[in-house]
Amino acid sequence: MTNITDKLIAKIDEMNNPTVAGLDPRIDFLPDELKKTATTFEGCAKAVTEFNCRIIDSIKDIVPAVKIQSAFYELYSHYGTLAMDETAKYAKESGLIVMADVKRNDIGPTAEAYAAAYLGGELYDYITVNPYPGYDGIKPFADVCAKNGKGIFVLARMSNPSAADIQNMKLESGEPLYMHIGGLIEQWGSQLVGENGYSAVGAVVGATNPDEARFLRKKLPSVFFLVPGYGAQGGKGKDAAASFDEKGKGAIVNNSRGIIAAYKTDKYKGMTYYAAAREAATAMAEDLYSALKNK
């Protein structure tokens, strides 16, 4: 069957670019002309929406997807929620795959409500999900994915340093917890594998842990990876390449600050924020292409 991950892979192949731009705008990322209007929650939300739309216009022909981190919108109450949805709508109309980084989960009716809220409509193609409740929490999301042609990325091995305190804990079998979670993710998505061999139930695997990503990639041939940690968190193209299969497929790499705040760096000094975003996105694509070629 064709699933959302097949569509994502087709977009990646079309642009020869396995990257997703993270639209996680903070007020200090905005240029001065937009900061002037960001004095209330409503003003902040409107400024963020304008900022996002200009970036989308600048990168939509070179980047296959965007990822929207809900926390940076929830800051501004219901105005922020509207800004998040407006950003997603604009990205969808621009032909992009849209991911919502919400890390939701629970059990029973609550999980069903979360699944319907984010995957029941047209705006979001994927969301991120916490595995902690187990299958009781995952099933409502997987059911909606099957019904509506959507996808989820389940947290497996995150990119922040202290994630190892929990995710690298050894089970009685000697297997680290992140590997056990990876195996569960593959089971949870086994009925949603698409024509390219990848499921609509994917995994979040940080670029900052390339050895662990390599182990997971080998163990989970049907699981597509969302790879955070590139750029500001220290991950490089060669690190992110560990999450890809031998054909250079099976993953998409996120970069947020490195794209949307690129104009604040010396490398892109003097450029508009949206022009710098395009240049940074292009440079990232070239870095990944080189790393995957060498791999």
| request: Can you work out the accessible area per residue across the chain, with the rest of the protein chains kept in place, probe 1.4 Å, in square angstrom? | output: 44
| message | Loop only by DSSP, 13 or fewer other Cβ within 10 Å of the Cβ. Give me the trypsin sites (Lys or Arg not before Pro) in the range 193-266 that pass, ordered by residue number. | response | LYS247
| request: Largest first and in whole Å, give the semi-axes of the range 75-126's equivalent ellipsoid, each being the square root of 5 times a Cα gyration tensor eigenvalue. | output: 21, 14, 8
| said: Taking 31 Å as the cut-off for C-alpha to C-alpha distance, list the pairs among LYS92/LYS147; LYS170/LYS238; LYS11/LYS147 that go past it. | reply: none
| note | Any DSSP H helix in the chain with Cα axial reach of 18 Å or more and mean Kyte-Doolittle score of at least -1.0? Listed by number, the hits are 41-59, 77-93, 135-148, 273-294
| said: In whole percent, and with a 1.4 Å probe on the protein chains, what portion of the accessible area of the chain is carbon and sulfur? | reply: 53
| Cα-Cα over 28 Å: which of LYS249/LYS269; LYS7/LYS219; LYS150/LYS219? | LYS249/LYS269
| note | For the range 29-80, averaging the sequence separation of alpha carbon pairs under 8 Å that lie six or more residues apart and dividing by its residue count, the contact order in percent is 41
| Relative contact order of the chain: what whole-number percent is it, with Cα pairs under 8 angstrom and at least 6 residues apart? | 19
| At most 11 other Cβ within 10 Å, DSSP loop - trypsin sites (Lys or Arg not before Pro), the range 1-73 | LYS36
| Nonlocal amide H pairs with PHE225, under 5 Å, H built at 1.01 Å | ALA203, ALA251, ILE252
| field | List ASP266, ASP106, ASP136, ASP245, ordered by accessible area with a 1.4 Å probe, largest first | value | ASP266, ASP136, ASP106, ASP245
| query | Given the rule -39500 (n - 2.57) for each run of at least 4 DSSP H residues, summed and divided by the residues of the chain, what is its mean residue ellipticity at 222 nm, to the nearest 500 deg cm²/dmol? | reply | -14000 deg cm²/dmol
| field | Reach of LYS139 by Cα under 19 Å, taken over aspartates and glutamates that are not fewer than 8 positions away in the same chain | value | ASP101, ASP106, GLU112, ASP125, GLU186
| Around ASN3, which amide H atoms from residues at least 5 apart in sequence, or from another chain, sit under 5 Å from its own amide H, with H modelled in the peptide plane? | GLU195
| query | Roughly how many Å is it from the Cα centre of the range 223-276 to that of the range 68-145, as a whole number? | reply | 22
| What percent do you get for the relative contact order of the range 10-128 when only Cα pairs under 8 Å and 6+ apart count? | 25
| note | Per residue convex hull volume, Cα only, the chain, in Å³ is 120
| Local charge sum around SER70 (other residues, Cβ-Cβ under 12 Å, Lys/Arg +1, Asp/Glu -1)? | -1
| message | Once the cut-off is 16 Å, how many percent of the Cα-Cα pairs in the range 161-216 end up in the long-distance tail? | response | 48
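The values are calculated or read from the model by the stated rules, or taken from the named source; none is laboratory data. In this text the structure is predicted, and so the values were computed from the model without any measurement. Note that we place each Cβ from the backbone using ideal geometry, even for glycine, and neighbour counts take in every protein chain shown. Each accessible area value is taken on the protein alone, full model and side chains, heavy atoms only, with ligands, DNA and RNA left out. Shrake-Rupley method; radii C 1.70, N 1.55, O 1.52, S 1.80 Å.
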